[in-house]
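Colleague: Encoded as structure tokens, here's the structure I'll be asking about.
The values are calculated or read from the model by the stated rules, or taken from the named source; none is laboratory data. Because the structure is predicted, anything quoted here is derived from the model rather than measured. In this analysis, Cβ positions are derived from the backbone assuming ideal geometry, glycine residues included, and neighbour counts consider all displayed protein chains.
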Amino acid sequence: MPVNKGIVLASRPPAAGKASLANFAIFEKELGEPGPGQVLVRHEFLSLDPYMRGRMDEARSYAASQEIGQPMIGGTVGEVVASKNPHFAVGDKVVGMGGWQTFSIDDGAALRKLDTPGVPIQAWLGALGMPGVTAWYGLNRIIAPKAGESIVVSAATGAVGSVVGQLAKAAGARAVGIAGGAAKCAYAVEELGFDACVDHYSDNFDADLKAAVPKGIDGLFENVGGKCFAACLRRLNDFSRIALCGAIASYEGKETTSLPDLRLVLVKRIKLQGFIVSDHLDLWPQALRELAGLYLAGKLKWRETIAEGIEAAPKAFLDMLEGGNFGKQLVRLA
């Protein structure tokens, strides 16, 4: 029997405080055979995403909190190595929510077989997976960009933001990113095709943002919150649209995210909509087809930061929350 190794949540972070390595613990245990209708999956890659930080807290949210002593939640891709489910055969590549562990036993209900030639398997955790669908939904269904409009996205070189900018350009809009550091901003412009990118570490951030959007902001895809969000709000045009996807600046108690005087929203007739991509599973097949088609046509790019081994997951996760990753944060497990 294979030995499963993984990471559990050992304790919750302090209220309004930072998570630390002490909140995680490693485990090892022998796995049994899959039961009737089940499959045994060996994970090849694990996805690390900001939403996981919210699950570590006990506060009420859109999903249940991560249980103490249980493997951390997380998306995985891997290979079926044993099957008692007629819908899956040994050797099938699958994507699912296997968690922070090297193997999982699954009933197959939430597993999806991967059968698109020419696509790297880990892409289904990034630009062609949940982050890509998040970008697709927020941009197309909430912001709905028109040709010539200015669309701003924070965390512009991350797994979600990088796709937002490229989809905005494909729609004929002007894409402006916000990212941390000169290297990330250069990548957004030179590799991803953004029209401009503003470094939020700059002492002149407000002035730089104003220069990057001389005609104001028509659509804002917000991943970060905090000072970036506040600065963008001051640049919004009449009838602008905000897709509120995340507020990572406030996850670790670093900054607060709040609205200005609501008269701004009223006077400028701003549309502000928060969204959770799992509420829209009916649209995932369409989004995934379109995203994969763009990649295969050479029109969708991404970058990855890959940590090696399950033991590296906690530190890679904490580093990601501080902006230490470049592109999609993954852990290679096999």
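Colleague: For I121, indicate whether it is touching a Leu at 6+ places or on another chain (Cβ under 8 Å) and in the same structural domain as S47 (by TED's automatic domain parsing).
Modeller: When the stated conditions are applied, I121 passes them.
Colleague: Here's something else I'd like to know. Does V277 meet the test of being within 28 Å of I217 (Cα to Cα), out of contact with any strand residue (DSSP E or B) (no Cβ under 9 Å at 6 or more places or on another chain) and among the aliphatic types (A, V, I, L, M)?
Modeller: yes
Colleague: Something else: Hey, could you check segment 188-219 for residues that are of a type in the set (D, E, K, R) and in contact (Cβ under 8 Å) with a residue 60 or more places away in the chain and say which is nearest to V152 (Cα to Cα)?
Modeller: Filtering segment 188-219 for residues that are of a type in the set (D, E, K, R) and in contact (Cβ under 8 Å) with a residue 60 or more places away in the chain, the one nearest to V152 (Cα to Cα) comes out as D218.
Colleague: Sticking with this one: Filter segment 85-108 for residues that are over 23 Å from the mean Cα position of the chain (by Cα) and surrounded by fewer than 16 Cβ atoms within 10 Å (Cβ to Cβ); which is nearest to A10 (Cα to Cα)?
Modeller: Top of the filtered list is D107.
Colleague: Still on this structure: May I ask you to list the residues in segment 285-317 that are among the hydrophobic types (A, V, I, L, M, F, W, C), free of Cβ contacts under 8 Å to residues at least 60 places away in the same chain and under 15 Å from V163 (Cβ atoms)?
Modeller: A297
Colleague: So V39 ticks every box in (1) surrounded by 15 or more Cβ atoms within 10 Å (Cβ to Cβ); (2) closer than 30 Å to F326 by Cα but one. Which box is left unticked?
Modeller: The number of the failed condition is (2).
Colleague: Then there's this: So if I check each of G69, G118, G32, G17, which one is surrounded by fewer than 13 Cβ atoms within 10 Å (Cβ to Cβ), in contact (Cβ under 8 Å) with a residue 24 or more places away in the chain, closer than 26 Å to T305 by Cβ and over 22 Å from the mean Cα position of the chain (by Cα)?
Modeller: None of the others qualify; the one that does is G118.
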